[in-house]
1. Any idea which of L75, L40 is within 28 Å of the chain's Cα centre (by Cα), over 27 Å from R93 (Cα atoms) and modelled with pLDDT of 80 or more?
2. Looking at G64, G74, which is the one that is touching a residue at least 24 places away in the same chain (Cβ under 8 Å) and of a type in the set (G, A, S)?
3. Do we find that V176 is under 14 Å from the mean Cα position of the chain (by Cα), open to solvent by less than 10 Å² (accessible area, probe 1.4 Å), over 17 Å from K94 (Cβ atoms) and modelled with pLDDT of 95 or more in this structure?
4. Would you check if A181 is of a type in the set (G, A, S), modelled with pLDDT of 95 or more and either open to solvent by less than 10 Å² (accessible area, probe 1.4 Å) or in contact with a Leu (Cβ under 6 Å, 6 or more places away or on another chain) (or both)?
5. Tell me whether the stretch 114-134 contains one or more residues that are at pLDDT below 90, in a strand (DSSP E or B) and of a type in the set (D, E, K, R).
6. Please work out if D212 is part of a helix (DSSP H, G or I), out of contact with any strand residue (DSSP E or B) (no Cβ under 8 Å at 6 or more places or on another chain), surrounded by 12 or more Cβ atoms within 10 Å (Cβ to Cβ) and touching a residue at least 60 places away in the same chain (Cβ under 8 Å).
7. Of the residues N142, N152, which is touching a strand residue (DSSP E or B) at 6+ places or on another chain (Cβ under 8 Å) and either open to solvent by less than 70 Å² (accessible area, probe 1.4 Å) or at pLDDT below 95 (or both)?
Amino acid sequence: MPDNMQGAHAPETLDTAALRGKLTTRMWWTGIRNTVIYALMAFGVPPLGAAANRAGMSWIFIIGGPMILMGIFGLLATLSTISLAVLLTRTCRKTLAQYSFDTFCPQITKVDGAKATRGRPKSMTLTLRTAEGQKSPLMRINPAPRRGPWRNPWPEGIENGVYVAGDLPFGAVGYVPSSGAFFFMQPDDWDATAQDRKSSAPDRVTRAQDADLTRRII
């Protein structure tokens, strides 16, 4: 945590090691599941549709066509995010090996970043405030794993407060106890918070380096 949020302790102790394993499992399971589902839609539906057509069910392509297109686009989107998902998983694991969920922020203010099409933000930003009123910098977040395009992109229940493990000028992992959702966050304006990182005590810098938080990830 940055100096102004030191001592803002969580109301209960969380098993960070267990949550670290849960986050890793969830990230890999989501990636594998999505890849298999979209691959089946893209490559499994065509032979099934052809067989159904030969059996006289020519209407099957009305249903199968959109499924094939959805599978192709979904598979391409999933494959394009693999590198970021692997990097995010690695960074979250290293962060949780160095820091514990020892800070609880009951007040979250969501601030959407630049808007994309269909109302989904290109980036999600927020500020965190402890019960004592200590406020974080504006943080950019990336849910781990990301939610599907048909769902609200924000981690479910984030308005009810989050646990934080990390050092906010460098980066941190957030955990939403009400829903079990995870997210990774770093300062939205990385350059503006550079002085906070440079003026940090050597032990804080070393710890952040061991957690792979001295560079911008998201």
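1. Working: L75 fails: over 27 Å from R93 (Cα atoms).
Of the residues listed, the single one that is within 28 Å of the chain's Cα centre (by Cα), over 27 Å from R93 (Cα atoms) and modelled with pLDDT of 80 or more is L40.
2. On the way: G64 fails: touching a residue at least 24 places away in the same chain (Cβ under 8 Å).
When all the criteria are applied, what remains is G74.
3. On the way: under 14 Å from the mean Cα position of the chain (by Cα): yes; open to solvent by less than 10 Å² (accessible area, probe 1.4 Å): yes; over 17 Å from K94 (Cβ atoms): yes; modelled with pLDDT of 95 or more: yes.
Against the criterion (under 14 Å from the mean Cα position of the chain (by Cα), open to solvent by less than 10 Å² (accessible area, probe 1.4 Å), over 17 Å from K94 (Cβ atoms) and modelled with pLDDT of 95 or more), V176 qualifies.
4. Working: of a type in the set (G, A, S): yes; modelled with pLDDT of 95 or more: yes; either open to solvent by less than 10 Å² (accessible area, probe 1.4 Å) or in contact with a Leu (Cβ under 6 Å, 6 or more places away or on another chain) (or both): no.
It is false that A181 is of a type in the set (G, A, S), modelled with pLDDT of 95 or more and either open to solvent by less than 10 Å² (accessible area, probe 1.4 Å) or in contact with a Leu (Cβ under 6 Å, 6 or more places away or on another chain) (or both).
5. Yes: the stretch 114-134 contains one or more residues that are at pLDDT below 90, in a strand (DSSP E or B) and of a type in the set (D, E, K, R).
6. On the way: part of a helix (DSSP H, G or I): no; out of contact with any strand residue (DSSP E or B) (no Cβ under 8 Å at 6 or more places or on another chain): yes; surrounded by 12 or more Cβ atoms within 10 Å (Cβ to Cβ): yes; touching a residue at least 60 places away in the same chain (Cβ under 8 Å): yes.
Answer is no for this residue.
7. Working: N152 fails: touching a strand residue (DSSP E or B) at 6+ places or on another chain (Cβ under 8 Å).
Only one candidate passes the filter, namely N142.
Matching residues to (1) assigned to a helix (DSSP H, G or I); (2) in contact (Cβ under 8 Å) with a residue 12 or more places away in the chain:
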site	(1), (2)
G148	no, no
P153	no, yes
G166	no, yes
A172	no, yes
F184	no, yes
W190	no, yes
D196	yes, yes
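The values are calculated or read from the model by the stated rules, or taken from the named source; none is laboratory data. Note that the structure is a prediction, hence the values are computed from the model and not measured. Heads up, the Cβs are rebuilt from the backbone with ideal geometry, glycines too, and the neighbour counts pull from every protein chain shown. Side chains are part of the model used for accessible areas, which takes the heavy atoms of the whole protein and leaves out ligands, DNA and RNA. Shrake-Rupley method; radii C 1.70, N 1.55, O 1.52, S 1.80 Å.
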